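What follows is a short report on a single structure.
The values are calculated or read from the model by the stated rules, or taken from the named source; none is laboratory data. In this text, all values refer to a predicted model and were calculated from it rather than measured experimentally. Methodologically, a virtual Cβ is constructed for each residue, glycine included, from the backbone with ideal geometry; neighbour enumeration extends over all protein chains shown.
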């Protein structure tokens, strides 16, 4: 998990979600949720996928706040 602030000052938590089953390709994907549970709820970025939890966690740990904010803006624009 990694926390960051969006452009309006809301703190978000970026984490990884896992799909169960026998197929491991793209099993893990990026999820962002407001830390306080408000502001419209969580956003799933199912186009950001990994095959292993280790790779997902390593990638998330190295993502900058700017990259996370940009991906959050894209995801919210697609939903809204």
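Of all residues in region 1-35, those satisfying the criterion of being out of contact with any strand residue (DSSP E or B) (no Cβ under 7 Å at 6 or more places or on another chain) and touching a residue at least 24 places away in the same chain (Cβ under 8 Å) are 7, 24, 25. Taken together, 56, 61 contain a single residue that is closer than 11 Å to residue 14 by Cβ and surrounded by 13 or more Cβ atoms within 10 Å (Cβ to Cβ), which is 56. Looking only at residues in region 42-53 that are surrounded by 12 or more Cβ atoms within 10 Å (Cβ to Cβ) and not in a strand (DSSP E or B), the one that is farthest from the chain's Cα centre (by Cα) is 51. Scanning region 12-23 for residues that are modelled with pLDDT under 95, surrounded by 11 or more Cβ atoms within 10 Å (Cβ to Cβ) and out of contact with any helix residue (DSSP H, G or I) (no Cβ under 8 Å at 6 or more places or on another chain) turns up 17, 19.
Counting just the residues of region 31-41 that are at pLDDT 90 or above and surrounded by 14 or more Cβ atoms within 10 Å (Cβ to Cβ), which one comes out farthest from residue 18 (Cα to Cα)? My answer is 34. For residue 8, state whether it is at pLDDT 90 or above and more than 15 Å from the chain's Cα centre (by Cα). In short, yes.
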